[in-house]
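The structure appears right after this line, and notes come after that.
No lab work stands behind these numbers, since they all come straight from the coordinates. Given the structure is predicted, the values throughout are model-derived calculations rather than measurements. Positions of Cβ are backbone-derived with ideal geometry, glycine not excepted, and every protein chain shown enters the neighbour counts.
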Amino acid sequence: MDRRARRTRRMVAEINVVPYIDVMLVLLVIFMVTAPMLQQGVEVQPPSAASKPLPNQDDLPVIITVNKAGEYFVSNAPNPKAPLSLEEIKPLIIAARQVKPKIPVLVKGDGSADYRSVMQAMVAAQQAGVDKVGLVTTPVDGAPAGGGK
């Protein structure tokens, strides 16, 4: 009788999901740790101004950042956190506009940056063939949109 009991054993068809849950939790932790590091560009404090926001666009703009020390950074550079000269900015803008001719170009200057440095960034963008160069500001709390009074 022992032989028959052993022969009639059924196979258990269950999937153990515990390893999959472990892998999922590890991936979740990895994404939570790396997400803040994905912020591109250099940290600056743009000046406040009562202005209306740009319309929502599909294309990410090329952003030229000017920090307090007057160093230039470009968002589409191979290393966006490495300072560039004005002459290095122009080919990056030209390359971006060859791929997407209508891509907007914005200058994001630190509030305490030298006015001359911000203007030179705008001139470099215009020399690269950009018709309109926008300025990035932070909204003023309580100010009406559109620069109204």
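Applying 1/(1 + (r/R0)^6) with r as the Cβ-Cβ distance of T138 and V33 and R0 = 22 angstrom yields a FRET efficiency of 0.20. Using the Cβ-Cβ distance between E71 and K100 with R0 = 22 Å, the FRET efficiency computed as 1/(1 + (r/R0)^6) comes to roughly 0.25.
Remark: the S85-I15 segment gains 19.3 nm on full extension, using 0.36 nm per residue and subtracting the alpha carbon distance. Placing a label point 7 Å from the Cα of V123 along the Cα-to-Cβ direction, the residues of region 86-101 whose backbone N falls under 16 Å from that point are 86-90. Ranked by the mean number of other Cβ atoms within 10 Å of their residues, highest first, the peptides 70-82, 117-129, 90-102, 24-36 fall in the order 117-129, 70-82, 90-102, 24-36.
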